[in-house]
Amino acid sequence: MNIDINFLGILIGAIMASSVPLILAASGELITERSGVLNLGVEGMMIIGAISGFALMVITDNLFLAIIGSMLSGLLLSFIFGFLTQSLLTNHVASGLALTIFGIGLSAMIGKDFVGIPGKEFPLLFVNLKEAIPLFGPIFFGHSIVFYFAFLLPFGTNYFLRKTKIGLIVRAVGDSPVSAANQGINVLLVRYCCILYGGAMCGLGGAYLSLIYTPQWIENMTAGRGWIALALVVFATWSPLKVLAGAIIFGGITILQLHMQAMGIRIPVQFLSALPYIMTIVVLVIISRDSRKIKLNTPTSLGQIFYKEK
Amino acid sequence: MNTKLKVSKVSKIYPGCIANDNVSLDFESGKIYALLGENGAGKSTLVKILSGVINPDEGQIFLNDKLLKLASPKDAKNNNIGMVFQHFNLFETLSVFENLSIDSEKNNDQLRILVNNILKKYNFKIDLDVPILNLSAGQKQKVEIVRCLIRNPKVLIMDEPTSVLTEQETEDLFLSLKKFSKEGILIIYITHKLKEVLSLCDEVAVMRKGKVVSISRTVDEELSSLANKMIGESLNKIKKMTSNNLSGEQILRVSRLNFNSEDPYEVNLVDINFTLNKGECLGIAGISGNGQNELFQILSGETLSNSGSIKFRSKEIGKLNPKERREYLMAFSPEDRISQAAVPSLKIYENVALNNFKTSNFFEKGLFNERKIKDHSKKILSNFSVNTDNVNLRSQFLSGGNLQKLILGRELITSPELLICFNPTWGLDVGAINYIHQTLLKINEQGKSIILISTDNDELLQLSDRISVINKGKLSKIMSAKEVNPEKLGLLMGGGLVD
């Protein structure tokens, strides 16, 4: 088979673009979980981000406002979750599941007037370089600003957690909220901030789908990406760079198997469709099998309700 | 500079319990103060108030005649009150240095220099860059102490610091505390261990049921006087009557029992043989980690041995699980009260119901008969003097002594023929220990048998009829308790004497 080098570049570029929403949502959820909060509402926050972004774009005709609005709507939804779990001390798992169901329903309701409306073209950066450089051009150039942000985010997250004081505090809260409170750290504030940040990133991930990747609104268009993002965080053992790797592998195999289906390779379609899920888990389990590191990275208090002694 | 800390008329009331009742105390630097009391006497509540974790309902605290407002742990820190809790407040997955830096305003380089100086000065050997979970309990405690020292504390409060330490670590700690005291740090030492009070402290305040009942100099006190103040009554000295049970009816026979574990951290048991008579107490001594855990688990049926036999009243029970063994009227009291014997988050009556699935009529057609269980639980609480009658209380709120009484009560109320207990008084205060010892003696007198696996030699010598020592998974010859003394036991435990 003769693969032309430019096609390869475009293919890799497409793979990377398809993994952007996963990277955004998973990076956000990673910070939330590192503070000890398990928010299973990722899917709901993404889909709300997707519809809010799209609706705002249609109404205001301003993409910048649409992006900001999508993040705010994700943040708002996560605030409900934060209020329930942190202030009213409800169970994390149940609250998160409810958030997803709520988000999907609400987005369908808001979105029924926006079905079939065409999206707006999102400005792409370095388009001239894309054509000029073979192979690397289509990989690295001609993408949206959100794309570049997403690929820098895991590195930023990693730096934040390892090198900054606030990152240290987030990890400390996730390790033991009781000890943190005894050290004078405001556990509720830290956890609220992490929850809201996670919500904003999920909203942005959703908006990437409806504004940039496939610029239109389709009901349920996140199609389980929120769950994949959640799984990525766990299988990447809460390490931002492994989340990035996992997201690219997932995106990559998703696109490759589509090409394989198109080429008519004689493998059952169901198996090919399942391949991205299987391979991502296998690869992440293999690269994360150091049990000592798992122990160090896992937020010990994940999903535990914290209340202050009085 | 001299530091004076004054606690004035502090009270803290929880629903159903007065934790601190009008507590007034004066402390001055240069001395080491002991705050002595049984579990649940209100010591921990007081230190939590002093460290700002909880707020008192009434009363004030003065530092050098200045009224302190301790609304949060931060306030205590800012007023140079340092605190080392019994349960460490460390972040297990963070490195030592990260733990220290988290609440420090200094930048990392300055802090590292400061910490290294402290480590050198007090000869603490801690690697700053390993995660806390790799450290021993003694090292973790040193990290906590260093965390306090960074802030130049005027007051250092230690809450039952030796409960997790080895003997050597305890000695090291005492040396450090004496050094701190010489340097002008006021030290308040909370404990229920009488010997420590006498060997370390200058003054001692005794607390009982939330009140301060006595303040005195330790030179004027001795073990028995402190014990009496702490308990509030004289302890009956326990001594086992000479028993005639050695020739009684045989109730348990363990022969050629072996256990090879696949887990490298477990001890293999080699050729265990012993018999137990009706009404007899067989003590099994040994340094912890020599196979006691494995032996207890095999006797209780939690794990099954690879070979050999256990005959209870001439029935082979070696392949039965704990539940089935209970049906043959065996009872078990494991070492770890919190995770093995009881479920801390369950209510008292639920914990009582847990191991009475078949032997009782608590369950009718698979349903829970709540009233019956509650009545039954109430009976246990009153028969075994647990200091609450609220069967709806979550077990985690019971102190260690009361939890142990509950567990023993739960096991004994069905009048089993054989009780196997493992370190039944571990970590308990004198009053609770005394109660449990009396209980064990009593059931012996009633003709029930006991296997007492314990690391406490005094306890073994007090209660046992015969004693064997377990060392590296092997039992020594079984001796009559009369022919054993602490020295001989010590030698056998260390493997220094081969019989």
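The values are calculated or read from the model by the stated rules, or taken from the named source; none is laboratory data. All figures in this text were calculated on a predicted structure; none of them were measured in a lab. All Cβ positions, even for glycine, are placed from backbone atoms using ideal geometry, and neighbour counts span all protein chains on display.
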Item to check | Enumeration of residues in the stretch B:254-278 that are free of Cβ contacts under 8 Å to residues at least 60 places away in the same chain and of a type in the set (Lys, Arg) | outcome: B:Arg256
Next on the checklist: Is it the case, given these coordinates, that A:Ser18 is of a type in the set (S, T, N, Q), surrounded by fewer than 24 Cβ atoms within 10 Å (Cβ to Cβ) and over 30 Å from A:Tyr307 (Cβ atoms)?
Outcome noted: yes
Checklist entry - A:Ser291 fails exactly one of the following numbered conditions: (1) within 14 Å of another protein chain (Cβ to nearest Cβ); (2) touching a residue at least 24 places away in the same chain (Cβ under 8 Å); (3) of a type in the set (S, T, N, Q). What is the number of that condition? => result (2)
Checklist outcome for this item: Residue hits (the stretch B:120-149; in contact with a Lys or Arg (Cβ under 8 Å, 6 or more places away or on another chain) and part of a loop (DSSP other than H, G, I, E, B)) are B:Tyr122, B:Phe124, B:Ile126, B:Leu128
Checklist outcome for this item: B:Asp429 passes all but one of the listed conditions (1) modelled with pLDDT of 85 or more; (2) charged (D, E, K, R); (3) under 30 Å from B:Ala353 (Cβ atoms); the exception is number (1)
Checklist entry - Considering only the stretch B:306-339, how many residues are among the aromatic types (Phe, Trp, Tyr) and under 30 Å from the mean Cα position of the chain (by Cα)? => result 1
Item to check | For B:Asn392: the one exception among (1) in contact with a Lys or Arg (Cβ under 8 Å, 6 or more places away or on another chain); (2) at pLDDT 85 or above; (3) crowded, with 18+ Cβ neighbours inside 10 Å | outcome: (3)
Item to check | Out of A:Ala14, A:Ala50, sole residue that is under 20 Å from the mean Cα position of the chain (by Cα) and either over 30 Å from A:Gly303 (Cα atoms) or basic (Lys, Arg) (or both) | outcome: A:Ala14
Checklist entry - If you take the residues in the stretch A:165-182 that are under 25 Å from the mean Cα position of the chain (by Cα) and at the interface with chain B (Cβ under 8 Å from one of its Cβ atoms), which one is surrounded by the fewest Cβ atoms within 10 Å (Cβ to Cβ)? => result A:Lys165
Item to check | Of residues in the stretch B:17-39 being touching a helix residue (DSSP H, G or I) at 6+ places or on another chain (Cβ under 6 Å) and not β-branched (Val, Ile, Thr), the one surrounded by the fewest Cβ atoms within 10 Å (Cβ to Cβ) | outcome: B:Asn39
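Condition check ((1) touching a residue at least 24 places away in the same chain (Cβ under 8 Å); (2) surrounded by 21 or more Cβ atoms within 10 Å (Cβ to Cβ); (3) more than 27 Å from B:Ile132 (Cβ to Cβ)) across all residues:
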{"position": "B:Thr45", "(1), (2), (3)": "yes, yes, no"}
{"position": "B:Lys48", "(1), (2), (3)": "no, yes, no"}
{"position": "B:Ser51", "(1), (2), (3)": "yes, yes, no"}
{"position": "B:Gly59", "(1), (2), (3)": "yes, no, yes"}
{"position": "B:Lys69", "(1), (2), (3)": "no, no, yes"}
{"position": "B:Ser72", "(1), (2), (3)": "no, no, no"}
Item to check | Any hit, the stretch A:33-41, residues being at pLDDT 95 or above and either among the aromatic types (Phe, Trp, Tyr) or part of a helix (DSSP H, G or I) (or both) | outcome: yes
Item to check | Scan of the stretch A:260-309 for residues that are in a loop (DSSP other than H, G, I, E, B) and over 25 Å from the mean Cα position of the chain (by Cα), ordered by number | outcome: A:Gly264, A:Ile265, A:Arg266, A:Ile267, A:Pro268, A:Phe306, A:Tyr307, A:Lys308, A:Glu309
Item to check | Residue list for the stretch B:150-163, filter: buried (at least 17 other Cβ atoms within 10 Å of the Cβ) and part of a helix (DSSP H, G or I) | outcome: B:Pro161, B:Thr162
Next on the checklist: Every residue in the stretch B:251-289 that is among the acidic types (Asp, Glu) and part of a strand (DSSP E or B), please.
Outcome noted: B:Asp271
Checklist entry - Checking A:Ile101 against (1) loosely packed, with under 14 Cβ neighbours inside 10 Å; (2) modelled with pLDDT under 95; (3) of a type in the set (A, V, I, L, M, F, W, C), which test does it fail? => result (2)
Checklist outcome for this item: Note on the stretch A:123-139: residues without any contact (Cβ under 8 Å) to a residue 40 or more places away in the chain and crowded, with 17+ Cβ neighbours inside 10 Å are A:Lys130
Checklist entry - Would you pick out the residues in the stretch B:194-233 that are farther than 28 Å from B:Asp172 by Cβ and in a loop (DSSP other than H, G, I, E, B)? => result B:Lys209, B:Gly210, B:Gly232, B:Glu233
Checklist entry - Is it fair to say A:Ile294 is farther than 24 Å from A:Ile10 by Cβ, surrounded by fewer than 17 Cβ atoms within 10 Å (Cβ to Cβ) and either modelled with pLDDT of 85 or more or in contact with a Cys (Cβ under 7 Å, 6 or more places away or on another chain) (or both)? => result no
Next on the checklist: Regarding the stretch B:415-426, can at least one residue be identified that is in a helix (DSSP H, G or I), in the same structural domain as B:Leu257 (by TED's automatic domain parsing) and in contact (Cβ under 8 Å) with a residue 24 or more places away in the chain?
Outcome noted: no
Checklist outcome for this item: Of (1) acidic (Asp, Glu); (2) closer than 25 Å to B:Trp426 by Cα; (3) surrounded by fewer than 21 Cβ atoms within 10 Å (Cβ to Cβ), B:Asp129 satisfies every one except (2)
Item to check | 1 or more residues more than 22 Å from B:Lys4 (Cβ to Cβ) and more than 7 Å from chain A (Cβ to nearest Cβ): qualifying helices (runs of 4 or more DSSP H) within the stretch B:35-104 | outcome: B:43-50, B:96-101
Checklist outcome for this item: Pairs returned, first residue in the stretch B:146-166 that is outside the structural domain of B:Ser176 (by TED's automatic domain parsing) and among the basic types (Lys, Arg), second residue that is buried (at least 23 other Cβ atoms within 10 Å of the Cβ) and at pLDDT below 90, beta-carbon separation under 8 angstrom, 6 or more apart or interchain, are none
Checklist entry - Can you find even one residue in the stretch A:109-122 that is exposed (fewer than 15 other Cβ atoms within 10 Å of the Cβ) and under 21 Å from A:Ser78 (Cα atoms)? => result yes
